[in-house]
Structures are given as C-alpha cells and as structure tokens.
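A short worksheet on the structure shown next.
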Amino acid sequence: MKIENFKIAIFFDWLNQWGGAERLLGDILTIFPNANLYTSIWDKSKTPWLPSSTKVFVSKLNNFSFFRQNSPLSLALQPLFLEQFNFKDYQLVISLTSQNGHCLLTPPDTTFVCYHLNPNRYLYQISHSLLKHIYSFYKKIDWIFAQRPDYYFTTSPTVQNRIKQTYGREAEIIHPGVDTDFFCPPKNPKPGNYFLVVSRLVVHKKIELAIRTCHQLKQTLVIAGTGRDETRLKEIIPSSPFIKFVGQVSDKKLLTLYQNCLALICPQEEDFGLTPLEAMACDKPVIAYNQGGIPDTIINHKTGILFAKQTTESLAEAINLFFKTKFEVLDCRRQSLKFSRRRFMLNFTHSLNTILHDQPKIQISG
C-alpha cells in the first residue's frame with residue numbers, strides 16, 4: 001500500500017494566525033490532501049488560507065475563549081486536552097509543532113512522526129528566575145512527552161542540536177521550502193528605496209532593533225505583519241517619517257514588497273527562516289542576525305550580510321556594509337532554489353516512505 005492511501009492525521013499547534021509555520025502546514029496538506037487535521041484551538045475567521053476540504057478536529061480547549069489567545073496558561077494546559085484525541089483509526093500521525101505536539105498519545109500500531117520546529121521557547125530559551133522550580137518540574141514532564149514520537153524531523157542543524165540536547169532524541173533535517181515559482185524576480189527590476197521586515201510582530205522577533213536602527217540611519221523601513229506586540233512597536237518612534245507599518249498583506253502585495261525593496265532585514269534569531277528565502281527568490285539580499293537557522297541559508301557577502309550582535313551599532317554597521325557590497329544579480333535566486341517548495345515535498349515524502357518501509361508494524365507493498 002502506498003503512503004498516499006494511508007489514513008493520516010496531521011496535528012498543528014493552533015489555527016489562529018498566519019506565518020511561516022502555517023505555510024509549511026499548507027505544503028504538508030498539499031502532499032496529503034485527504035488527511036484529517038487536529039489542533040488545540042481554531043479561529044475560523046483567521047484561517048482563510050486553510051483548504052475548505054480539510055476536516056478539522058479541535059480540542060476542548062477551544063471551548064474557553066480565554067485560551068484562544070495562545071496564553072502561557074493555555075500552553076501549560078495543552079497536553080491535558082491533546083491527550084484526549086483518539087488516533088486509533090490512523091496508520092500515520094504527523095505532528096507539526098513548536099509547542100506540545102510531541103505529547104500526543106498514539107496506538108502501538110500507529111507510526112508517530114514529529115516534525116519539531118523548535119522545543120518550546122517559553123521553557124528553554126527564556127529565563128524564568130521567579131518560577132524556576134515550576135519550570136524545572138514541567139521540563140521533566142516535557143522530556144517524558146518527547147519520548148512518545150517514533151521519529152523526529154526538524155528544519156535545521158540549530159534545532160536538531162536543541163532536540164538532541166533537550167530531549168536526547170535524534171532528528172532528521174528536512175529543510176522547509178518556499179514557492180519559487182510565485183516568489184520570483186520582477187520582469188523589469190528597479191532600484192529599491194526601502195528596507196523590509198516581514199514578520200509576526202511579537203517580542204522575540206526583535207523588530208524594535210530594525211526600527212531604531214533605520215530611524216537612526218534615516219533609512220525607510222517597511223514592516224509587513226501583525227501581532228500582539230504591534231502597539232508597542234508603533235509607539236517606539238511614533239512620529240518617525242522613516243518607519244511604515246503596512247499590516248498583514250496579501251501574497252500579491254508581499255511579492256511586490258519583496259521585488260522592490262533594497263533588502264530584507266531579519267533582526268531576530270530564527271529556528272530556520274522562510275522569509276529570507278522568499279526575499280532571495282525575488283533576487284533580494286538579506287541583512288540578518290548571525291545566529292540560529294538563517295546562517296544555513298544565507299551566504300555572507302554573496303546573498304546577504306550577517307551581523308554579530310543584536311544591537312543598533314551592529315545592525316547599522318551591517319547596513320552600511322550592505323551599501324558598499326556588490327551583489328551579483330542571480331546569486332540570491334540560485335541560493336533560494338536549493339530550498340524550493342517542490343524539493344521540500346519530495347524530501348518529506350521520501351523520508352516518510354523510508355521510515356514506513358523500515359517500520360515492521362506497518363506492512364508496505366508496491
């Protein structure tokens with residue numbers, strides 16, 4: 001039996017926003033259009049991108065309006081509700097998660113693959129000195145959860161190392177991809193006059209660093225995206241003529257923003273980073289913080305400029321260096337093609353087939 005004919009369940013942390021993880025979910029649903037989708041909470045008004053044919057199962061956590069905002073308390077309670085999902089009729093469960101998707105309970109005859117985008121950053125990447133005993137206890141529980149998947153996939157060597165150090169589990173790297181047919185260079189390229197940020201507006205994305213630096217250098221910065229940190233970010237330099245917020249934009253508008261910018265700025269540490277690849281697919285270089293997964297996709301001084309510290313001085317130095325660097329026209333595009341959406345789908349399907357053929361509890365023929 002071919003994998004396309006399996007009964008497959010896909011888990012995703014929550015369906016209430018749009019970003020890189022949601023694009024990745026869309027690619028997996030394209031591979032398995034008949035799969036059922038499970039999630040902790042679902043806001044239908046915020047998921048117009050979800051295929052209408054997808055059958056969605058939502059946890060009982062969704063019954064409480066307070067928990068629909070991805071609050072830290074909802075994250076702590078998630079496992080109690082996710083363990084109630086019944087996967088007995090499925091041959092394969094795929095969890096795409098950066099939170100608690102490894103805690104799912106699956107039957108012995110069901111293969112459980114966890115595509116882990118990152119161990120919970122609220123547990124492992126943010127200091128909690130006042131609640132350290134509570135977090136220490138929860139980390140022990142989280143380690144137990146992490147032993148449940150049969151196999152792990154992840155996006156980059158950075159996250160692969162975190163999974164190994166945090167959970168003691170090996171993870172196969174399968175790089176996500178971008179739609180290099182849609183994201184492409186303009187037919188009639190024109191010199192850009194603004195830098196671009198494309199991101200969820202949340203604290204750990206460090207957008208304020210780009211705001212302060214571009215204002216200081218008197219460089220126009222266009223910020224595309226929304227999020228719970230939006231109000232604070234708009235108040236940092238409220239009257240600056242150089243900072244422009246354009247909110248959540250359509251893919252068509254996003255393409256135009258990429259094609260006409262000077263460069264994309266990524267001040268944050270990303271676990272992998274899809275927006276740099278989208279920008280490079282449009283033949284635009286990237287100015288990015290030299291940590292996390294982004295350095296795995298950007299070639300310093302060839303497809304972008306990497307800066308060492310999350311300070312205005314370091315980012316300003318990188319921007320000034322950007323203006324002094326000559327970038328070859330097609331280098332960014334060539335680099336992005338190594339991380340195409342098509343290549344991701346082929347690699348993901350191949351890895352699943354390899355697992356299932358090696359898995360004695362599922363009989364494969366053909």
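Within region 285-300, is even one residue farther than 26 Å from residue 96 by Cα and surrounded by fewer than 18 Cβ atoms within 10 Å (Cβ to Cβ)? Show your work before the answer.
Pass one, region 285-300, residues farther than 26 Å from residue 96 by Cα: 285-287, 299-300.
Next cut, surrounded by fewer than 18 Cβ atoms within 10 Å (Cβ to Cβ) only: 299-300.
Taking every residue of region 285-300 in turn, at least one turns out to be farther than 26 Å from residue 96 by Cα and surrounded by fewer than 18 Cβ atoms within 10 Å (Cβ to Cβ).
Output the residues belonging to region 292-319 that are in contact (Cβ under 8 Å) with a residue 40 or more places away in the chain and under 20 Å from residue 155 (Cβ atoms).
Matches in region 292-319: 292, 293, 296, 297, 304.
Taking region 233-248 as the search range and keeping residues that are touching a residue at least 12 places away in the same chain (Cβ under 8 Å) and out of contact with any Gly (no Cβ under 9 Å at 6 or more places or on another chain), which one is surrounded by the most Cβ atoms within 10 Å (Cβ to Cβ)? Talk me through it step by step, then tell me what you get.
Filtering region 233-248 for residues touching a residue at least 12 places away in the same chain (Cβ under 8 Å) gives 233, 236-237, 240, 242-248.
Of the ones still in play, those that are also out of contact with any Gly (no Cβ under 9 Å at 6 or more places or on another chain) are 236-237, 240, 242-244.
Working: 236: 13, 237: 16, 240: 16, 242: 17, 243: 22, 244: 12.
My answer is 243.
When region 171-190 is examined, which residues are found to be touching a residue at least 60 places away in the same chain (Cβ under 8 Å) and not charged (D, E, K, R)?
Hits for region 171-190 are 174, 175, 176, 177, 178, 180, 182, 183, 184, 185, 186, 189.
For every residue, the table says whether it meets (1) at pLDDT below 90; (2) closer than 20 Å to residue 151 by Cβ; (3) touching a Phe, Trp or Tyr at 6+ places or on another chain (Cβ under 6 Å).
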residue	(1), (2), (3)
24	no, yes, no
32	no, yes, no
38	no, yes, yes
58	no, no, yes
67	yes, no, no
74	yes, no, yes
82	no, yes, no
98	no, yes, no
105	no, yes, no
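Taking the criterion of being farther than 28 Å from residue 17 by Cα, touching a residue at least 60 places away in the same chain (Cβ under 8 Å) and crowded, with 22+ Cβ neighbours inside 10 Å, would at least one residue in region 321-331 satisfy it? Before you say what the answer is, go through the steps one by one.
Taking region 321-331 as the starting set, the residues that turn out to be farther than 28 Å from residue 17 by Cα are 321-331.
Filter once more, so that each one left must be touching a residue at least 60 places away in the same chain (Cβ under 8 Å): 322.
Restricting the remaining residues to those that are crowded, with 22+ Cβ neighbours inside 10 Å gives none.
Within region 321-331, none of the residues are farther than 28 Å from residue 17 by Cα, touching a residue at least 60 places away in the same chain (Cβ under 8 Å) and crowded, with 22+ Cβ neighbours inside 10 Å.
Go through region 249-276 and report how many residues are surrounded by fewer than 24 Cβ atoms within 10 Å (Cβ to Cβ), in a helix (DSSP H, G or I) and β-branched (Val, Ile, Thr).
The number of residues fulfilling the criteria is 1.
Kindly evaluate residue 137 against the criterion of being of a type in the set (A, V, I, L, M, F, W, C), under 26 Å from residue 12 (Cα atoms), modelled with pLDDT under 90 and more than 19 Å from the chain's Cα centre (by Cα).
Details: of a type in the set (A, V, I, L, M, F, W, C): yes; under 26 Å from residue 12 (Cα atoms): yes; modelled with pLDDT under 90: yes; more than 19 Å from the chain's Cα centre (by Cα): yes.
Yes, satisfied.
Of the residues 154, 158, 166, which single one is touching a Pro at 6+ places or on another chain (Cβ under 7 Å), of a type in the set (Ser, Thr, Tyr), touching a residue at least 24 places away in the same chain (Cβ under 8 Å) and not assigned by TED's automatic domain parsing to the domain that holds residue 257? Talk me through it step by step, then tell me what you get.
Working: 154 fails: touching a Pro at 6+ places or on another chain (Cβ under 7 Å); 158 fails: touching a Pro at 6+ places or on another chain (Cβ under 7 Å).
Going through 154, 158, 166 in turn, the sole match is 166.
Is at least one residue of region 205-213 at pLDDT 95 or above, assigned to a loop (DSSP other than H, G, I, E, B) and either within 20 Å of the chain's Cα centre (by Cα) or of a type in the set (Val, Ile, Thr) (or both)?
Yes: region 205-213 contains one or more residues that are at pLDDT 95 or above, assigned to a loop (DSSP other than H, G, I, E, B) and either within 20 Å of the chain's Cα centre (by Cα) or of a type in the set (Val, Ile, Thr) (or both).
The values are calculated or read from the model by the stated rules, or taken from the named source; none is laboratory data. Computed from a prediction, not measured in an experiment: that's the story for all the values here. Don't worry about glycine lacking a Cβ; one is built from the backbone with ideal geometry, like all the others, and counts go over all protein chains shown.
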